[in-house]
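Here's the structure, in structure tokens; my notes come after.
The values are calculated or read from the model by the stated rules, or taken from the named source; none is laboratory data. Predicted model, so just to flag it, every value in this text is computed and none were measured. Note: ideal-geometry Cβ built from the backbone for every residue, glycine included; neighbour counts use all protein chains shown. These accessible areas exclude ligands, DNA and RNA; they are computed on the full protein's heavy atoms, side chains included. Shrake-Rupley method; radii C 1.70, N 1.55, O 1.52, S 1.80 Å.
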Number of protein chains: 2
Amino acid sequence: MIASLATTALTQFLDIGGTRFAYRRFGTPAGTPLVFTQHFMGNLDNFDPAVSDALAAGREIILFDNAGVGRSTGTAPHTIAAMAADAASFIDGLGLATVDILGHSMGGEIAQLIALDRPDLVRRLVLVGTGPRGGDAIARQAPEVAPLFTRRDELGEDMWLPIMFSPSKESQAAGRAFISRITARTDDRDIPVSDETITAYRDAARGWASAPADNFGYLDGIAQPALVVNGSNDIVIPTINSYHLYQHLPDAELMLLPDSGHGAHFQYVERFVRRVIDFLDVQPHDTAAPACRPACG
Amino acid sequence: MIASLATTALTQFLDIGGTRFAYRRFGTPAGTPLVFTQHFMGNLDNFDPAVSDALAAGREIILFDNAGVGRSTGTAPHTIAAMAADAASFIDGLGLATVDILGHSMGGEIAQLIALDRPDLVRRLVLVGTGPRGGDAIARQAPEVAPLFTRRDELGEDMWLPIMFSPSKESQAAGRAFISRITARTDDRDIPVSDETITAYRDAARGWASAPADNFGYLDGIAQPALVVNGSNDIVIPTINSYHLYQHLPDAELMLLPDSGHGAHFQYVERFVRRVIDFLDVQPHDTAAPACRPACG
């Protein structure tokens, strides 16, 4: 058995304009690096090692704590836009000219704004369990969801099993396997998100969801190819938001998975990874279907 | 250059209970055969050779005219249910115990009912540009669409370019490539759908779309894994119907493609085929994501 790169990669630090960013970087230095942007309440340890290990075979993976999160210093801002600026400054600080971004939940909101503001920097987007700014007008999170994010137990099962997975036996079993993966690291673990950051992030989430409806016009400006992914019943950012994100992005494909929730990619790791590899590595080289190939007749 | 199997396969005939079915069968006799069910106004020549050739590398492909269509004899029925029964009798008549079905548009409606009525016969479903029974309650076809199906020109461009493709330059170019593929066959071509069949099929389409709303309860009975595919703006069976089909089928994945219409799989042939091969051949063997693989730590 080979060791998990994601579980064993040491945490590194990068100082940018007064903020010290904690990150982990591993994989094969080839092609375009893939930067992951994290969900609310998540730190470096909450990225699924099975997903990042599988994708690391074909590229470098960069996981990081945004400003004010986990072992990064700085103050968490109260808007998604400011988080996107922090993330872009971190990517710039690494000296990377072009990256792909895989953003989950709030990380997907951040990824949208980096792609919008920095078309030179972002080549392709994978947007998982997320939605457009102003999505609240379409489908509001149920009131019982927010308290799930306050549950605290040692492994995180009380918080993440109901948030990321469907209630079915199969999905919950996949959830427990996910928990075992994200808790496998014993050394060099990250530290929990602070109460101050939680407050700031809740403000940012509210601001994003409740932005004035503008028919999602800002999405016209995100020309990068995007793969939009979600589960069948995302209780955090209701699934219909992924449909609308797809409908309003100029070049997006939608992949919605069966019997799953906000963390569908943690449940269908192999299927998700194969699709992402196709999207990042193969599809850009697709040719238009020829008039006749093989030769007609 | 190798010849297109789909374009060169000779038409065969099978007599079942007084109906003579015209069909074409080709590919690699391995695994589960894939039967295509056709859209309104389509005959044997309207299946895209690029799609069926690519899928034929890993299985047998069976294209057929349902009763009353093209070179098949018999009378076209006025309901989707009766068309599904005709199609099942044809598949049974070939002596096949288990098949996968790729149904497009009205062919996808037929495929749903075969899968519902004959769970033993159908292993997996690919449902393209289609929707649930009673879908009219969600999104009605615009009144300018039906007349498109009456356009007649030699190649079929006046009918199929606006129906199957988006208005964009790229999509229309893909549409012309598609037209060149479906018109490449010179010998042994099929014959147009008769006026009598057109009338019957219009009745069937109306009946399907306007069925009493039952919250799509019949879809609970289709347990087979399904891949639901559509374009971003299907003007024939509006795209939101694919979302609802996905939401109500017990085990479905949704794949929606960018800048495309009712024939998105004719536009993104390579991307679509790769996903279908993964769905039919690879995904069934996926294991649940392990607790730790590679070994954690």
Chain-alone versus full-assembly comparison, segment A:192-233, residues with accessible loss of at least 10 Å² (1.4 Å probe): A:S232
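Excluding B:R25 itself, calculate the net charge of residues whose Cβ lies under 12 Å from the Cβ of B:R25, where each Lys or Arg counts +1 and each Asp or Glu counts -1. Don't skip to the end; give the middle numbers.
On the way: positive: B:R24, B:R59; negative: B:E60.
Cβ neighbours under 12 Å give a net charge of +1.
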Karplus-derived HN-Hα couplings along segment B:61-73 (A = 6.51, B = -1.76, C = 1.60, θ = phi - 60°), whole Hz, x at Gly and Pro: 10, 10, 9, 8, 8, 5, 3, x, 10, x, 8, 7, 8
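Work out the FRET efficiency for A:D188 and A:V145 from their Cβ-Cβ distance, taking R0 = 41 Å, and round it to the nearest 0.05. Write down the numbers at each step before the final one.
Working: r = 32 Å, r/R0 = 0.78.
Computed FRET efficiency for A:D188 and A:V145 comes out at 0.80.
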13 Å beta-carbon shell around B:Y218, net charge (K/R +1, D/E -1): -3
Inter-chain shielding of A:266-278 (mean C-beta neighbours from other protein chains, 10 Å cut-off): 4
Integer Hz, Karplus 6.51/-1.76/1.60 couplings in order for segment A:95-111, x for Gly and Pro: x, 8, 8, 9, 9, 9, 10, 10, x, 10, 6, 4, x, x, 5, 4, 4
Amide H within-cut-off set for B:G27, under 5 Å, with H built and near neighbours excluded: B:I61
Cα-based equivalent ellipsoid, segment B:130-197: semi-axes from gyration tensor eigenvalues, Å: 25, 18, 12
Segment A:41-104 versus segment B:111-148: alpha-carbon centroid distance in Å: 42
Value of relative contact order over segment A:139-297, rounded to a whole percent, pairs C-alpha under 8 Å and six or more apart: 26
Contour minus Cα-Cα distance for A:A223 and A:D251 (0.36 nm per residue): 9.4 nm
Accessible surface buried upon B-A contact (total; probe 1.4 Å; Å², nearest 100): 3800
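Once fully extended, how much extra length lies between B:T28 and B:L155, figured as 0.36 nm per residue of separation less the alpha-carbon to alpha-carbon distance? If you can, show how the numbers build up before the last one.
Numbers: separation 127, 0.36 × 127 = 45.72 nm, distance 3.05 nm.
Here the answer is 42.7 nm.
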Pseudo-label separations to other copies for B:D117 - Cα-to-Cβ vector, 7 Å, nm: 5.9
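Taking only the Cα atoms of chain A, how large is their convex hull per residue, in Å³? Can you show the working numbers first?
On the way: hull volume 44.9 nm³, N = 297.
Considering the Cα atoms of chain A, their hull volume per residue is 151 Å³.
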Computed over segment A:81-143: relative contact order in percent, which uses C-alpha pairs under 8 Å that are six or more apart: 34
Distant-in-sequence amide H partners of A:S166 (H built 1.01 Å from N, under 5 Å): A:G261
Solvent-accessible area of A:R118 with every protein chain in place, 1.4 Å probe, in Å² to the nearest 10: 60
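In terms of the Cα gyration tensor, with a ≥ b ≥ c the square roots of its eigenvalues, is segment A:1-75 rounded because a/c is under 1.5, prolate because a/b exceeds b/c, or oblate? Write down the numbers at each step before the final one.
Values: a/c = 2.09, a/b = 1.66, b/c = 1.26.
In terms of gyration-tensor shape, prolate.
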Per-peptide average of other Cβ atoms within 10 Å, ordering A:237-246, B:260-269 highest first: B:260-269, A:237-246
Pair-distance profile P(r), taking every C-alpha pair of segment A:79-144, with 10 angstrom steps and integer %: 21, 51, 20, 7, 0
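Before I look further, what does the protein assembly as shown give for accessible area per residue, probe 1.4 Å, in whole square angstrom? Write out the running numbers ahead of the final one.
Values: 21700 Å² over 594 residues.
That works out to 37 Å² per residue.
Could you tell me the relative contact order of segment B:106-201? Use alpha-carbon pairs under 8 Å, at least six residues apart, and round to a whole percent. Show your work: numbers first, answer last.
Working: 45 pairs, mean separation 14.5, N = 96.
RCO, segment B:106-201: 15 percent.
For peptide B:248-260, what's the mean number of Cβ atoms from other chains within 10 Å of each residue's Cβ? Mind dumping the intermediate values first?
Numbers: counts 1, 2, 2, 3, 5, 8, 11, 5, 10, 4, 10, 3, 1.
Counting Cβ atoms of other protein chains within 10 Å of each residue's Cβ and averaging gives 5.
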FRET E, pair B:I198, A:D120, Förster distance 41 Å, beta-carbon r, rounded to 0.05: 0.15
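Compute the FRET efficiency between B:R206 and A:T98 as 1/(1 + (r/R0)^6), taking r as their Cβ-Cβ distance and R0 = 51 Å, and round to the nearest 0.05.
Working: r = 52 Å, r/R0 = 1.01.
About 0.50, to the nearest 0.05.
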Binned Cα-Cα distance frequencies in the protein assembly as shown - 20 Å width, integer %: 20, 51, 25, 4, 0
Under the Debye formula (equal points on every Cα, no solvent term), log10 I(q)/I(0) of segment A:40-127 at q = 0.12, 0.19, 0.21 Å⁻¹: -0.34, -0.90, -1.12
Protection proxy ranking of A:11-18, B:64-71, A:77-84 - average other beta-carbon atoms within 10 Å, highest first: B:64-71, A:77-84, A:11-18
Cβ-vector label at 7 Å, B:G207, separations to other copies in nm: 5.8
Farthest toward positive dipole pole in segment A:101-200 [+1 Lys/Arg, -1 Asp/Glu at C-beta], among A:L116, A:L148, A:P162: A:L116
Set of segment A:235-263 residues, backbone N closer than 18 Å to the point 7 Å along the Cα-Cβ line of B:N233: A:243-254
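Counting Lys and Arg as +1 and Asp and Glu as -1, what is the net charge of the other residues whose Cβ lies under 9 Å from the Cβ of B:P258? Can you show the working numbers first?
Working: positive: none; negative: A:D251, A:E253, B:D259.
Surrounding charge for B:P258 is -3.
If we sort A:137-144, A:109-116 on the protection proxy, mean other Cβ atoms within 10 Å, highest first, what's the order? Kindly include the intermediate steps, with their values, before the conclusion.
On the way: A:137-144: 12.9, A:109-116: 26.0.
The most tightly packed comes first, giving A:109-116, A:137-144.
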For segment A:180-297, size of Cβ-based charge dipole, Lys and Arg +1, Asp and Glu -1, in debye: 320
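Over the Cα atoms of segment B:187-279, Rg to Rh with Kirkwood Rh, two decimal places?
Values: Rg = 15.8 Å, Rh = 15.4 Å.
Radius of gyration over Kirkwood radius for segment B:187-279 works out to 1.03.
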Label-point separation in nm, B:S180 to B:R20, each point 7 Å along Cα→Cβ: 3.6
Amide H contacts of B:V126 (H built 1.01 Å from N, under 5 Å, at least 5 apart or other chain): B:I101, B:L102, B:G103, B:L227
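How much of the DSSP bridge set in chain B is antiparallel, in percent, rounded to the nearest 5? Could the numbers behind the result be given before it?
Numbers: 10 of 31 bridges.
The antiparallel fraction comes to roughly 30 percent.
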Label distances, nm, B:T98 versus same residue in remaining copies, Cβ-directed 7 Å point: 4.5
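Want the number for A:N215 to A:T75: 0.36 nm per residue separation, take away the alpha-carbon distance, what's left?
Computed gain between A:N215 and A:T75 is 47.2 nm.
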Overall dimensions of segment A:61-197 as given by Cα atoms, namely Rg and Dmax in Å: 16.4, 45
Apportionment of accessible area to carbon and sulfur, the protein assembly as shown, percent (1.4 Å): 55
